[in-house]
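Some notes on the structure that comes next.
The values are calculated or read from the model by the stated rules, or taken from the named source; none is laboratory data. Since this is a predicted model, take the numbers as computed values, not measurements. Positions of Cβ are backbone-derived with ideal geometry, glycine not excepted, and every protein chain shown enters the neighbour counts.
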Amino acid sequence: MSNYRKANYRTKDGQRLTAQQYKNRRKFEIILHLSLLVACIVAVICLAVTLIHKSIHNANTQEVVETATDSATAELTIVDTIVEDVVIEKDNPYLKTSEDSASFFSGYEVTIDDNTKLITSDNVQSSYGVLVDLDSGKVIAQKDGNVRINPASMTKILTLLVAAEHIENLDDTFTMTQEIGNYIFSKDCSAVGLKVGDVQTIRDLMYGTILPSGADAAMCLAEYVSGSQEEFVKLMNEKLDELGISSTAHFTNCIGIYDKDHYCTLLDMAMILKAAEENELCHEVLNARTYTTSPTSEHPEGITISNWFLRRIEDKDTHGDVVGAKTGFVNESGCCGASYQISNDGSHYICVTADAWSTWRCIYDHVDIYDTYTS
């Protein structure tokens, strides 16, 4: 201890420090020790702050990562749910509406009222007749338009419409069967002329149902759509119900064979034709003058068929153009006809008649009704 003090409290040459020198050295030592202490404290504080900051940063980073992960998971879950809920439906091209229908009145309810003119002309020899304005929904003229009749082959307008609403491919084919041939032969029905084994497209069958009023084509359509005429007729009556006319109309077959339970009024048939003219495909078929089918066993170049009502009325003065029609005949209802006309002023009409004594008489009755009541 003595040597230490000597080393520290003597000058380099071994002389004792004066009182003033001693005080100066002690003051220097105190300042040095305090400086070292302060430096240590500052270093400890800086280290503590650094550790705390790092800890907080790590915690925040973890929270951000977890939040981002949760958000990503949530987004993936939402996307997955959307994909599961999406249902892609194919549009049926045969349900498209015709251009003419844009001006038609809505619905299928028409009534005869005090403003309806009575068809009294001796030139109209059909026992029953009705003329409907499709733009206003008004019955313009009538003669027993509410009387129940057998629609005969006018039935095939509904056959065409129901088939159009249930097919998926006009180019699909159907083969004429012996059962269908036997049925239409036994009922003495009009026909396209298909033989057993003849393969026709659905398009062929639709035109064949209307233009020559082919019962063979109509039966093929019914079996193609539903497997049997009976099942197809169920669809026909469902359509009558959809149109709101099932209380006065009921069908038992798809070709118009007479049956006491197969009936409708002329107004009902007008609404059936309206519904068909609203369908683009049906409108096209009902408007066709001629058509050639696919090849058959007896006709390698196909069978050329015609809508004779349209071809015979086109040169008559009806104050417009008759652009759709279907005729019919059974003994109980005589010659019948339903036609669609666009008048010279752009108005749209449907005329239906029944119980004429010939096809030509039916045509002339339509000409007279259009000539008298349209412009």
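Odds and ends about this structure:
- The stretch 219-245 - residue that is crowded, with 16+ Cβ neighbours inside 10 Å and of a type in the set (S, T, Y) and, of those, nearest to D198 (Cα to Cα): Y224
Residue by residue, here is whether (1) at pLDDT below 95; (2) of a type in the set (S, T, Y); (3) in contact with a Phe, Trp or Tyr (Cβ under 6 Å, 6 or more places away or on another chain); (4) over 21 Å from I167 (Cα atoms) holds:
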{"residue": "S228", "(1), (2), (3), (4)": "no, yes, no, no"}
{"residue": "K239", "(1), (2), (3), (4)": "no, no, no, no"}
{"residue": "T265", "(1), (2), (3), (4)": "no, yes, no, yes"}
{"residue": "L281", "(1), (2), (3), (4)": "no, no, yes, no"}
{"residue": "E332", "(1), (2), (3), (4)": "yes, no, yes, yes"}
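- Members of the stretch 330-348 found to be touching a Ser or Thr at 6+ places or on another chain (Cβ under 7 Å) and buried (at least 19 other Cβ atoms within 10 Å of the Cβ), listed by number: C335, C336, G337, Q341, H348
Conditions (1) touching a helix residue (DSSP H, G or I) at 6+ places or on another chain (Cβ under 8 Å); (2) modelled with pLDDT of 60 or more; (3) more than 30 Å from R361 (Cβ to Cβ), marked per residue:
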| position | (1), (2), (3) |
| --- | --- |
| L47 | no, yes, yes |
| T69 | no, no, yes |
| I78 | no, no, yes |
| V86 | no, no, yes |
| N115 | no, yes, no |
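- Residues in the stretch 136-175 that are among the basic types (K, R) and under 32 Å from the mean Cα position of the chain (by Cα) were compared, and the one that is surrounded by the most Cβ atoms within 10 Å (Cβ to Cβ) is K156.
- Taking the criterion of being β-branched (V, I, T) and within 14 Å of V323 (Cα to Cα), the residues of the stretch 271-295 that qualify are V285, T290.
- Note on the stretch 10-36: among residues that are β-branched (V, I, T) and not in a helix (DSSP H, G or I), the one that is modelled with the lowest pLDDT is T11.
- Within the stretch 191-218, the set of residues being touching a helix residue (DSSP H, G or I) at 6+ places or on another chain (Cβ under 6 Å), surrounded by fewer than 24 Cβ atoms within 10 Å (Cβ to Cβ) and either of a type in the set (S, T, N, Q) or under 23 Å from R311 (Cα atoms) (or both) comprises A191 only.
- Any strands (runs of 3 or more DSSP E) falling wholly within the stretch 122-206 and containing at least 3 residues that are of a type outside the set (A, V, I, L, M, F, W, C): 128-133, 138-143
- Just one of the listed residues (W308, W357) is among the hydrophobic types (A, V, I, L, M, F, W, C), surrounded by fewer than 19 Cβ atoms within 10 Å (Cβ to Cβ), in the same structural domain as A191 (by TED's automatic domain parsing) and over 29 Å from P93 (Cα atoms), and it is W357.
- Of all residues in the stretch 325-348, none are closer than 23 Å to V199 by Cα and either touching a Gly at 6+ places or on another chain (Cβ under 8 Å) or in the same structural domain as G197 (by TED's automatic domain parsing) (or both).
- For the stretch 176-190, taking the residues that are within 24 Å of E165 (Cα to Cα) and over 31 Å from the mean Cα position of the chain (by Cα), the one that is surrounded by the fewest Cβ atoms within 10 Å (Cβ to Cβ) is identified as T177.
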